[in-house]
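Laboratory data are not the source of any read-out in this text; all were calculated from the coordinates shown. Keep in mind that this is a model prediction, so the values were computed, not measured. For neighbour counting, all protein chains shown are included, and Cβ atoms are generated from backbone atoms with ideal geometry for every residue, glycine included.
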């Protein structure tokens, strides 16, 4: 449109026309992005600014001294709540054996170093870069990736803490990581099949896959409660088949970490098929042919060609599940029970639940935001084109 | 707890989110604020030194316009019996009632403190001092509440301020205790106790309310093993209660947020026993699925817990008189009887109510005709807690443990 406007104008010197076009472009850019930026400013940055102030005692919920004596909030600038949250430190267990106690900042530094290694590993060394990346990934996942088995989560290592909220945070990271990794593992074959296996009407298939999104999320969670209850569909079937005594239903199916992970998987798998599908669609088929021609097995072609090219989609899929899951509130509130209580619920309780301590709630929120922001920003580098391929 | 000489400051987020009503609230605090601005409100007798002040509203001189109740869902237009006395009266058309819904006391407090300004709010009695301390409420003119005296003194008294004025008018009351299936939890009625929470035979089969304060009260009653006032716990008792409730966690399948979800879990067999309000018990005993099952509402030897909720008047309302008349309508014996018939809750109003209750069975089920049922040591009604934060932190720690 800008072009047409300048063409219709009377002849003017080239420099002036260029200037006018630039101004017009710039105006259009501002005009189009201002609403989004304003929204971001008003509903993201400003609230976060105040939440940060709450977390260090510069704001408090109580507006009077008398109210403050009820809420027990900090009267002014102080890092006390942050210290209370982080001071208990972190305990590491490997294969169920206590292996050490560390201050929280040490864990933070190690965590940041591992993320760094995973993201830019290949740039550090042409020879060992791949190994640095793989090693960092494994170490990052080790304490958090689990296999849900009944009431327990089978795991290699575990991070825990004497501090209630910090321990709850690690539990939420574990549940979010487990959900995200398993979601990717489940979604990948479907996306692969859609991208490579179906020739005709693949977008209709895609629509079928994401059809559950047409109903409300709450409704779907309630449906799970009906299926998974002690006298629910699943247990009733077991009773009918004589596999289980009605007095002894499979009870970990509802109100457990397992349930939360299951429902999160169910909720997110259809959603993350999309980014993986798109990444796989972008794989140039000729590369695969070339790989086969040069003697690569199908597995080798997958590992050396398909996966590196699809990596940004896979990482995006992981983050799509991980980020909302780590702060999840409604799913654990409905199906998590005591065993599946999550960090997001603790935050909600501080703001609008019985705990009523906006300052503590703010500390927890900002901590969560910081971790998620760090992950999102550091991996955004990885998400750029070809991020997965060795440099 | 000096709630009288409170200073109001307007800052930060509250200011940002438009604390439109706050300036008018100062009067209710009667505080020594530094000229933050303040509109005149009725003489609230905010000073403790002076003789008890009175409050007087004149509904006739108030402007027309809707009166907004910040209410629990259910106590709205869908329950016309509650408001009839007002809606059919002189101001029913000129100042019609509007309803917004709150989910819990804290959320209501948070919203009102950050600028939302309804005319009347319906918090439970333990929370009115928070509203008051934040300068958000003003006292009622009891002359406009003809049935106020019909509320037993033990129930209405905690709603009276240190200045002798009425800030909270109780409306609904109810027990909170375990409802359990005697076929699964075989205990004799005289053995009933909160300590079933510690019995590993019921692992993963019990549930209780997610409110952190309730969690600590239950822990304290278990520890005492006899009736003690759970509203007056010391720091040591709170700490011990926390430890007990952490021990009880294997038995606690869920800390429920949602009343109906909890009732459904009990009816559907996910729970053998759970902390319930009277409506839950009634649903359970009358439900198809539990026909033939001996479902009991526990009367623990330590005493039941009990709640009282009711109305507070926003400090900035332009229609305090008409709002009070609407509150008065909800406090009539007729409305009180319907409250029991419809929701199975007890009514704070008890004068001549029993005869008006249609479902007479409810009277015996909930011991409505037995005054001792509503008094210590058989029931512990909630009260404002000066050390609530300690309770809350300990209760949160139980959930997070």
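Using r as the Cβ-Cβ distance of residue A:156 and residue A:376, and R0 as 30 Å, what FRET efficiency do you calculate, to the nearest 0.05?
The calculated FRET efficiency here is 0.70.
Using helices alone, what [θ] at 222 nm do you get for chain A, with -39,500 (n - 2.57) per DSSP H run of 4 or more residues, divided over all residues and rounded to the nearest 500?
So the calculated ellipticity at 222 nm is -20000 deg cm²/dmol.
Hey, got the average number of other protein chain Cβ atoms within 10 angstrom for residues in A:51-63?
4
Can you bin region B:124-268 into rounded, prolate or oblate? Criterion: square roots of the alpha carbon gyration tensor eigenvalues sorted a ≥ b ≥ c, rounded for a/c under 1.5, prolate for a/b above b/c, oblate for the rest.
Taking the square roots of the gyration eigenvalues as a ≥ b ≥ c, region B:124-268 is prolate.
Return a whole-number percent for the relative contact order of chain A, with Cα pairs under 8 Å and 6 or more residues apart as the contact set.
19 percent
Stretched out fully, how many nm does the piece from residue A:92 to residue A:201 gain, at 0.36 nm a residue minus the Cα gap?
So the extension gain works out to 34.2 nm.
What's the average, rounded to a whole number, of partner chain beta-carbon atoms within 10 Å of each residue's beta-carbon in B:126-138?
3
Once a ≥ b ≥ c are taken as the square roots of the eigenvalues of the Cα gyration tensor of chain A, is the result rounded (a/c under 1.5), prolate (a/b larger than b/c) or oblate (a/b not larger than b/c)?
Oblate is the answer for chain A, as a/c is 1.5 or above yet b/c matches or exceeds a/b.
Where does chain B land at 222 nm, in deg cm²/dmol rounded to the nearest 500, when only DSSP H runs of n ≥ 4 count, each adding -39500 (n - 2.57), divided by all residues?
-8500 deg cm²/dmol
Using only Cα atoms, locate the centre of region A:98-162 and the centre of region B:172-186, then give the distance between them in Å, rounded to an integer.
With region A:98-162 and region B:172-186 each reduced to a Cα centre, they are spaced 47 Å.
What do you get for the angle between helix B:388-400 and the principal long axis of chain B? Use alpha-carbon atoms, 0 to 90 degrees, nearest ten.
Helix B:388-400 and the main axis of chain B meet at about 40 degrees.
Which shape class applies to chain B: rounded if a/c is under 1.5, otherwise prolate when a/b exceeds b/c and oblate if not, where a ≥ b ≥ c are the square roots of the Cα gyration tensor eigenvalues?
Verdict is prolate for chain B.
Over all directions, the average projected area of the alpha-carbon convex hull for the protein assembly as shown comes to how many nm²?
For the protein assembly as shown, the mean projected area of the Cα convex hull comes to 45.3 nm².
Modelling each spin label as a point 7 Å along the Cα-to-Cβ direction, I'd like the residue B:60/residue A:139 distance in nm, to one decimal.
8.3 nm
Ranking B:168, A:101, B:122 by Cβ neighbours within 10 Å, fewest first, what do you get?
The order, fewest Cβ neighbours first, is A:101, B:122, B:168.
Which three extents, in angstrom, do the Cα atoms of region B:314-374 have along their principal axes, listed largest first?
For region B:314-374, the Cα extents along the three principal axes come out at 43, 22, 19 Å.
Listing B:206, A:375, A:369, A:154 from the residue with the fewest other Cβ atoms within 10 Å to the one with the most, what is the order?
A:154, A:369, A:375, B:206
Compute the long axis of helix B:333-343 from its Cα atoms, compare it with the longest principal axis of the Cα atoms of chain B, and write down the angle in degrees, 0 to 90, nearest 10.
40 degrees
Can you put B:289, B:399 in order, fewest other beta carbons within 10 Å first?
Placing the least packed residue first, the sequence is B:289, B:399.
What does the structure give for B:201-210 when I average, per residue, the other chain Cβ atoms found within 10 Å of the residue Cβ?
The per-residue average across the peptide is 3.
Once each part is reduced to its C-alpha centroid, what is the distance from region A:300-318 to region B:250-303 in angstrom?
Measuring centre to centre over Cα atoms gives 51 Å.
Go ahead and run the numbers for FRET between residue A:131 and residue A:17, Cβ-Cβ distance against an R0 of 45 Å, rounding to 0.05.
0.20
Any chance you could run the full-extension gain for residue A:82 through residue A:241? It's 0.36 nm times the residue separation minus the Cα-Cα distance, nm to one decimal.
This chain segment gains 51.8 nm when fully extended.
Tell me the angle of helix B:235-248 to the major Cα principal axis of chain B, expressed in degrees between 0 and 90 and rounded to the nearest ten.
Here the helix axis deviates by roughly 50 degrees.
Place a label point 7 angstrom from the Cα of residue B:351 along the Cα-to-Cβ direction, then list the residues of region B:153-168 whose backbone nitrogen is under 12 Å away.
It comes to B:153, nothing else.
Report, to two decimal places, the Cα Rg of region B:253-375 normalised by 2.2 N^0.38 Å (N = number of residues).
Its radius of gyration relative to the 2.2 N^0.38 Å reference: 1.25.
Just want to confirm a number: the relative contact order over region B:223-350, from Cα pairs under 8 angstrom separated by 6+ residues, in percent.
21 percent
Distance from the Cα centre of region B:98-113 to that of region B:56-82, in angstrom?
Region B:98-113 and region B:56-82 have Cα centres separated by 15 Å.
Counting pairs of alpha carbon atoms under 8 Å apart in space and at least six apart in sequence, what relative contact order in percent does chain B give?
Taking the mean separation of contacting Cα pairs over the length of chain B, I get 24 percent.
Please find the FRET efficiency linking residue B:294 to residue A:37, where r is the Cβ-Cβ separation and R0 is fixed at 56 Å, and quote it to the nearest 0.05.
Rounded to the nearest 0.05, the efficiency is 0.30.
With each pseudo-label sitting 7 Å past Cα toward Cβ, what's the residue B:187-residue B:100 distance in nm, one decimal?
Modelled inter-label distance: 4.3 nm.
Sticking with the crude label model, points 7 Å out along Cα→Cβ, report the distance from residue B:153 to residue A:216 in nm, one decimal please.
In this crude label model, residue B:153 to residue A:216 measures out at 4.9 nm.
Considering only region B:67-198, what is the antiparallel percent among its DSSP beta bridges, to the nearest 5?
Antiparallel bridges: around 10 percent, rounded to the nearest 5.
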